[in-house]
Every structure is written in C-alpha cells, then in structure tokens.
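The values are calculated or read from the model by the stated rules, or taken from the named source; none is laboratory data. On a predicted model such as this, the values are computed, not experimentally measured, just so you know. Here Cβ is always computed from backbone atoms with ideal geometry, including for glycine, and neighbour counts include all displayed protein chains.
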Amino acid sequence: MLELMLALPFVLALVLAILRDAPARAVAWLAGLAPLLALAVLVWLTPAVMGGEIPRAMHEWLPQAGLAFSLRLDGLGWMFSLMVLGIGALVVLYAHYYLGPQEKTRRFFCFLLIFMGSMLGMVLSGNLLLTVVFWELTSISSFLLIGFWFHRDDAREGARMALTITAAGGLALLGGVVLIGRVVGSYELDAVLAAGDAIRAHELYPWILGLVLAGVFTKSAQFPFHFWLPHAMAAPTPVSAYLHSATMVKAGVFLLARLHPALAGTDLFFYVVSTVGAITLLIGAWNAIFQHDMKGVLAYSTISHLGLITLLLGLSTPMAVVAAMFHILNHATFKASLFMAAGIIDHETGTRDMRRLGGLRRLMPYTSALAIIASLAMAGIPLLNGFLSKEMFFAQALEIEGHEAMRVFVSIAAFLFATFGVAYSMRFVHDTFLGRGPRAVEHEVHEPPRFMQVPVAILVVTCVAVGIAPQWTVGPALRTAARGVLGDALPDYSLAVWHGINTPLLMSLGGVVCGILLYLGLNRVLDLHAIVRQSQGRKLFHLNIEALFRLGRRFTHTVANGSMQRSLLWLVLVAIAAGAAPFIAAWGEPRHETVFIGQPMVRLAWVLWLLLVACALGTLALYRHRLLAVLVMGGCGLAVSMTFIGLSAPDLALTQLLVELVTVALMLLGLHYLPKDSPRPRSMPRRVRDAAVALVAGAGTAGLAWAMMTRPAANAVAAEITARALPEAWGSNIVNVILVDFRSFDTLAEITVFGIAGLAVHAMLRHARMAPEKVMPGPPIKLPVPADLAQMMFPLTLVVSIFLFLRGHNSPGGGFIAGLTLAVPLLIQYVIQGAASVESRFGFDYIRAIGLGLLVALAGGAGAMLFDMPFLSTGHYDLELPLLGTIPLASALVFDLGVYLVVFGSTMLILSMMGTLRPSKRMIAHRGIIDPATRSAITGEAA
C-alpha cells in the first residue's frame, strides 16, 4: 500500500507528460486524482497508525551500499503525508482557476506532481540514504516550479538561488548521513533511531550534527540561509502556497524532528538549534513588517514561524516537541490559506503591492473575510488555532531548566515574536482590506470564481474549528504525530482553550497590545509605505556568485582558451598523471615476480601489429590532409577489432568496429565545416613538446598493457564471474551479463551520461540550425554510393539490429551493439544525401528515444523490487511455445532495451545536429571549405 501511495503522483505526472493535447480541465482532473487517491490509501492506513503500528515496505536496492527502498509510516510520517496530500489536493483545485488559458498547465501540474511525490517519498523513507535521494529530488523539482515563469528575471534568479542554497545543504546532509551510517553500521531508520546514545557518545557526533543541521537550516530557511525564501516568491502563487506551507520549507524541520531521538539531548544540540531558531524567528518577524508585497510579508512571516518550530525542537523537552508538531499543523493551514488569498487578490486586481491596495473588504467581502480570519490566526488571536500553539510556546520558554540565560533570552524572543507577529498581521489586514483604495489597479475588482475560494474556505474553517475545539478536531492527529517522534516518552497534556489566567496568557495578551501599538507607532513615525528594505543576504549571494564566475573564467582561460590542441594536451597530461600516481606511490616497495602468461605471436598477430603501426605512422604523415588522415586512422580501429577477434572477444570486436564506423562518420561530418588542410605547426619547440607527451602517453599505455598481461594466472574476479554468469544471471555471453547484471548500475549511469551528452550537444547547436527549407543543401562529402542503395540498407540493418539485440544475452550482441548497428545506415545516408533528405523521410524524435530509453531501463531495474529483489536484479523464465519449444527469457532484456534506445537516440541526435549545422560566414568565405555550388546556395552569390 505504501508503494502505491508513493507511486501515484509520479505515475500521474508521467500520464500528463504523455498527454500533449489534453484540455486544461482534464489535466487538472488528472492532477487532482493523484493526491485524492493517495489520501484514500492514507485513510485506509490511518487506524493502524493511530493504534501504534508502523506499516512498512522493504525492497532491496543496493544492499552492498546499505541503500534499500525502505518505506515506513509512523505518526510523524502520517502527519506530513496528510499535509502533503491534503493541501496538495486543494492547491491543484486552486491552481486550475489561478492559471490563465495561455499558461502551460500540463507542464505546471507535471512539475507539481513530481514535487509532491518527492516530498511524499522523503517523509515515508525508512532508509536515510533514500531520504537524501528524495531530498535532492525536492530541490530539483522546486527549482522547476519556482522558475516556472522562466521568461521573468526574478523567477530565474529565485529558482537559481533556491537550488544553489538547498542543493549545497543537501551535499552536507549526505556527508552527515554517511557518518551516521559509519557510526551505526546501518542506514535503516529504525537502527539509527535506536542508536541515539551511541551517536551522541561518538567522537564524530559534532561533525554529524553540523552536517545534518547544515541541510536542515538551508532547506528550512534558517539564519543565515534565510534570504533565499523571499526571492522564491516569484513563483506562481499556487507554488508559493504549497512550498511554503506544507512541503519544501517544512522538509528541514521534518528531518530535524525525524532525527530528534538520535541527535537531541546534548548541550551542543540545545544551544545551536535553539539559538539559530530564535535569531531566525526575530529576523523574519521584524522584516515582515516592512514588506510592501503581500507575498513578501507572508514569506518573512514563514521564516519567523519556521524559526519558532526550530527553536521548540531545539529545546528538546517532550512538551516542546508536542508544541512544535502542533505549530507545524497550524502554520500549514493558515499560511496556505493566506497565500491563496493573496493570489486571488493578485489575480483579480493585477497587483500584490499593498501600497496600491486597500478597501478590498467592500469589493471582495468573502475573500476579505477569509483572509482576515487567517491573518488573525497567524497573529495568535484567541479562538483560532495559532493562539493555542503560541501559548504552548510561551509555556515552554518559561520552563527552561538549567540554562538561566537561555530561559531569559528565549522568553524575550517569544514575547517579541508575538509583538512583531501582531504588527505585520495588522499591516497585512489594514493595507489590503481596510482604509481607502484600491489605487491604480489593472483590473476591475470583483470576487473570484466560487471554486477558487473553496480551498481557502476549507483551510480557514479548519483554523476556526481547531481554535474552538482543539481536542475534538486535532487532538488524535497531534498525539499520533508526537508519538512518532517521542515514542513512549509522550507526555500528558491538555488542548483546552482555557487554562486560566497564567503567565503564557498574559504574555499573549501583552503581545497583542504591544503589536498594535508598534504598528500604529511605526506607521505614524516612519511611514511604512516609504521604506524599502533590501536583502543583504541577496547581495552577499551575488557577490559570491560573481567571484566564483570570475575565478571560473580565469581558470577556463588558462586551461582551455578555445584551442582544441591545448584541451587535448591537458587531457593527455591528466591521464598520464593518473596512470603514474599508483606507481609513484608504490615506489620502493617490494615487487612480486612477474610471469608472462601470454602466447607467442602468430602470423596474423604480426600482420595486425604491422597494420596498427602503419596506420599510426600514416596518420602522422598525412595529418595535414584531414580527410586522408581520418580514413587512415580508421584502420587503427579496424586492426583493434580484428585483434579482439583473434583473442576470442567477438562482443568487443563488434563494439569496436561499430564505434569506429560512427566515429569516422562523425569526423566526416565535422570536416564539412573545417578547411580541408590543417595549418602547419607554429614552432619546432611545440612540435617537440607534443611528440614527447605522445611518446610518454603511448609508452605508459603499453606499460599498463604489459602489466596486465604479465599478472599471475590466477584471476579470482574473472573466474568468479565466469562461474556465476550462467547459473545466476542466466546468460552465457559473459560480456553482456557483466553489463546488464553484475555492473548494471554502472551501465545505467553510463547511458545516463551518454544521454546527457546528446542533449548537451543538441542544446548547444540547436540555435545554429536553419529552417528546413534553408538547411545546407547536398551531402557534405560526395561518395560513390547510390542513394537508393543507402536507403535500402535501413530495413535490412533494422532486422540485423533486432537480431543482435535479442541474442545478446547468450551470444555476441546486446543493446549497445544493436543501437549502434541501427545508427549505421542512417549515418551513411547523412553523409551521402545530407541531413534534410534523411530528416524529411524518417523524422525520428531522438530526444524522445533517449527519455523513453532511460525510463525503460529504470523500469527494468525497478521491476525486480516488486519481487523483493535488489534494484536491477535479473530474473529468468522459460517460455514454452508450440513447435518452437523452450525459449529462455531473462528480465535483463528490458534493461538492455533501454540501453538500445538511449544509444541509438544519443548517437543520432549528435550526428543529426552536426548534419544540420549552419556554417558561419567566416567558414563560408574560407577557401576550400565548401564547393562553389553549395556556397552559392547559401550566400546567394553566383557559382
């Protein structure tokens, strides 16, 4: 059930990505279906969770690394899942009416569901490494949501800032999690939470705490990382309402609560977390008073309330934890409703600037009433939910024991929090809904569509219901959530509205009075509308970014100034250094006697060796004539392929041969944009230097090859792989078994990098492409091959490609070889007929092929987890068919299909971009680059 609940947002996001022409209403319905169905699953599991059970699901992923796809639903995860899905469903309904017809709603809801699934996966994770995976997914998906309006500078800046800060914190969190695994011996959450004493007593505890808190503080916008949150307000209001009430910024405090049993209980934890929380609380509340943008006020107030929750968790007492859980729930309800109300006002008036608003209670009475009630809840006014958790905060601040200075400091911070909270809530209400106005708005002001107000009304009613009858409304949920953190240490407490006249009540009333006086005084003395506060954090961030860019430009100019020769020189030098490092480190140590285990060279081997030497020398002699050099250099690859055949390695031979074909074709396309002759070297010293580097690199490679061939005959790794290939992976082709089973995770990473490389080439060259009718006519090189013959090759090669793919697990072949084989006929047609002709006939979408291939490969790996096997494990089934008999099938075929699609798509995407690249005028003017007819077609001059 937990797997189903987690999968629903991702599955619906994939459905939305596929449905290109679906109407906006259907897209919204599909998007809303994900949180509603997941909520139904959560409701089904609720009785068990409230009864003290912890539903679990466990699937092996990378057991050797300690990573398992482990899910668990305790009280804390249940509360956050309820917020993520419940408020998520309301945000989907709200966004349907907020987004205009010109918006890309399908793209928006796709990003939103990915973010929802990432957040849900984080709160359900039962493995800390899995938590980090979903943690980073929330950073990436929130970047896409914040920058949804990418045509705006502020949206791009806010998205980059949020990703930079939170991703850096995520790297620190990963380091902390790795250290926790080293101390505990496991990344499973149950083991980590049970080992709290061992973690706190370990010498690595300060490092663990510092790294984990770096992740928490960056994600939850704690001082000094709080500055990114206000700039994220450039996102559409549904995004702001979701990210800053129930999800993104709550991820940090969730992790702090999740690891509370393992990390809390020391003076270091108490002072660091409480102090940072108190400072954040005050900075956010004070800055909120001086904001002119409604969402700016709400953003800084969010920072303040996040500081309050962090402070409560830092106090570490059981009642402080209960108060933190209570305020997380309360803040989610009134803050989401306020953001949605601000979005309604912006939607109907065209502005969020409170200096241009005012008097909206007359023009938008229902929206005004809802927003005012939510503002009072944010200010902590009695009979609303914010008042109850604020009183619990006051009580805990006054009851700090053993730290007198901290008790005074936290008590003062609590009172100032109440005062500032009333002040910025008053400004939000007064400047928006009361007084005169509105002034210079862009639209005729009226109420929004009724269903756009429904999510706000539901949340505001919740604020009122909790404030009036907390025990009946939120009591069971709060007890369940607190038990998820405290376990058996859950204290007895009362959620009654009236506790008599006591110090917390007097502090709350005093805060209300002082807040009103503070707002009236500041408004009269300072003229709040005339004050514009600028973020110092934003200035420091940009100073650091500019300094990094300057350093990067200087380094790039030093290492790679645009010269291909210099880049190649650095590449070879680094390879030499990496190869020599182990030998230098082992210098002087006793050496084992080497035994040559090779065989005498036969005549064919001598022929191949002489062919290699001849091709290498021929390339060196003909390097100035580029076309001849490319063709001669292809002989080196051919000789290597024949060598692999002689060594009984047909898979490697096929791969080398196909790679050589693709490389030669790519270089032929590249030569189309270069002069036919290479320039002469500038000086003799440079030629001597290059020759020396080439000799060292070549001699080093030969030495490494010799070292491999003279190793002792006993090779435990090769013997073990050979012995395990057929009985465990059900494949007799050991090379393919290694790629799709034993090293399948490496292969997944490699095809991902290959796909990224293809997309990077497409991104760099797509703006250099011409319209179809203006693509450079004619093939780049005239070859004596008929066009019809090249076209007939495709169906024949397709059959060969499928044959090689299907037999690859037991005979030479496989997805990589098959993908390259399918690319060869298209390559030849690109070279012979030109890109325009090939694109017009076939019209392959190579980008979709890459994406589909990665999804298929992931699905092939994840399928094993459904059978409680590690990720990318191989299964086997003997299919009995009439006449044909038994056909052995391995699940690795699915993964190999993904490899097939990615290799074909990436290869052809790169080559298609090269084939349709438009040369610059400087290239056209260069003698010898293009034939006269082609130059005439491009420039319009006479041939």
inquiry  = Anything in segment 169-202 that is free of Cβ contacts under 8 Å to residues at least 60 places away in the same chain, farther than 16 Å from Phe269 by Cβ and charged (D, E, K, R)? List them, or say none.
reply    = Arg182
request  = Taking only segment 241-250 into account, find how many residues are in a helix (DSSP H, G or I) and in contact with a His (Cβ under 9 Å, 6 or more places away or on another chain).
outcome  = 1
query = Within segment 568-581, can one find any residue that is modelled with pLDDT under 75, closer than 29 Å to Ala691 by Cβ and either surrounded by 10 or more Cβ atoms within 10 Å (Cβ to Cβ) or basic (Lys, Arg) (or both)?
reply = no
query = Inside segment 139-188, can you point out the residues that are farther than 19 Å from Phe541 by Cα and of a type in the set (A, V, I, L, M)?
reply = Ile140, Leu144, Leu145, Leu173, Leu174, Val177, Val178, Leu179, Ile180, Val183, Val184
inquiry  = So Met378 ticks every box in (1) farther than 26 Å from Met354 by Cα; (2) in contact with a helix residue (DSSP H, G or I) (Cβ under 6 Å, 6 or more places away or on another chain) but one. Which box is left unticked?
reply    = (1)
request  = Within segment 101-121, identify whether any single residue is of a type in the set (Lys, Arg), over 23 Å from the mean Cα position of the chain (by Cα) and not in a loop (DSSP other than H, G, I, E, B), and answer yes or no.
outcome  = no
message = Test of understanding: among Leu608, Leu658, which residue is over 46 Å from the mean Cα position of the chain (by Cα), crowded, with 19+ Cβ neighbours inside 10 Å and at pLDDT 70 or above?
response = Leu608
request  = Kindly check whether there is at least one residue in segment 690-702 that is surrounded by fewer than 14 Cβ atoms within 10 Å (Cβ to Cβ), hydroxyl-bearing (Ser, Thr, Tyr) and modelled with pLDDT of 80 or more.
outcome  = yes
query = Does Leu90 fit the bill of being over 25 Å from Ala191 (Cα atoms) and out of contact with any Gly (no Cβ under 7 Å at 6 or more places or on another chain)?
reply = yes
query = So which of Ala323, Ala246 ends up being buried (at least 23 other Cβ atoms within 10 Å of the Cβ) and at pLDDT below 90?
reply = Ala246
key: Wholly within segment 150-240, helices (runs of 4 or more DSSP H) carrying at least 2 residues that are at pLDDT 90 or above and not aromatic (Phe, Trp, Tyr)   = 153-184, 189-194, 196-201, 205-219
ask   = Quick one: how many residues across segment 338-364 are in a helix (DSSP H, G or I) and farther than 12 Å from Arg439 by Cβ?
value = 14
inquiry  = Going by what's in this entry, would Thr556 be described as polar (S, T, N, Q), closer than 22 Å to Thr701 by Cα, at pLDDT below 80 and surrounded by 10 or more Cβ atoms within 10 Å (Cβ to Cβ)?
reply    = no
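Condition check ((1) under 26 Å from Leu671 (Cβ atoms); (2) modelled with pLDDT under 75; (3) in contact with a helix residue (DSSP H, G or I) (Cβ under 7 Å, 6 or more places away or on another chain)) across all residues:
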position: Ala849; (1), (2), (3): no, no, yes
position: Met914; (1), (2), (3): yes, yes, yes
position: Leu917; (1), (2), (3): yes, yes, yes
position: Gly928; (1), (2), (3): yes, yes, no
position: Pro932; (1), (2), (3): yes, yes, no
request  = Write out, first by first residue and then by second, each pair whose Cβ atoms fall under 6 Å of each other, whose residues are 6+ apart or on separate chains, and whose first residue, in segment 877-898, is in the same structural domain as Leu820 (by TED's automatic domain parsing) and part of a strand (DSSP E or B) while the second is of a type in the set (Ser, Thr, Tyr) and surrounded by fewer than 13 Cβ atoms within 10 Å (Cβ to Cβ).
outcome  = Asp878/Thr886; Glu880/Thr886; Leu889/Tyr877
message = Within segment 134-149, does at least one residue satisfy the condition of being over 16 Å from the mean Cα position of the chain (by Cα) and not in a helix (DSSP H, G or I)?
response = yes
note = Just one listed residue, out of Leu495, Leu505, Leu518, is outside any helix (DSSP H, G or I), under 46 Å from the mean Cα position of the chain (by Cα) and surrounded by 11 or more Cβ atoms within 10 Å (Cβ to Cβ), and it is Leu495
inquiry  = For segment 232-290: of the residues being charged (D, E, K, R) and in contact (Cβ under 8 Å) with a residue 12 or more places away in the chain, which is farthest from Gly307 (Cα to Cα)?
reply    = Arg258
inquiry  = What's the number of the only condition in (1) assigned to a helix (DSSP H, G or I); (2) in contact with a Phe, Trp or Tyr (Cβ under 8 Å, 6 or more places away or on another chain); (3) modelled with pLDDT of 70 or more that Leu855 fails to meet?
reply    = (2)
message = I need the full set of residues from segment 181-229 which are of a type in the set (Phe, Trp, Tyr) and closer than 16 Å to Gly170 by Cα, in order please.
response = Trp207, Phe217, Phe225, Trp228
ask   = Any chance segment 197-207 includes a residue that's surrounded by fewer than 24 Cβ atoms within 10 Å (Cβ to Cβ) and β-branched (Val, Ile, Thr)?
value = yes
ask   = In this structure, is Ala771 surrounded by fewer than 16 Cβ atoms within 10 Å (Cβ to Cβ) and modelled with pLDDT of 80 or more?
value = no
message = Every residue in segment 28-66 that is of a type in the set (Asp, Glu) and either farther than 18 Å from Trp78 by Cβ or surrounded by 15 or more Cβ atoms within 10 Å (Cβ to Cβ) (or both), please.
response = Glu60
ask   = What pairs can you find where one residue is in segment 541-565 and farther than 28 Å from Pro224 by Cα, the other is not aliphatic (A, V, I, L, M), and their Cβ atoms are less than 6 Å apart, with a gap of 6+ or different chains?
value = Val559/Trp570; Ala560/Ser567
note = When restricted to Leu82, Leu71, the only residue in a helix (DSSP H, G or I) and at pLDDT 90 or above is Leu82
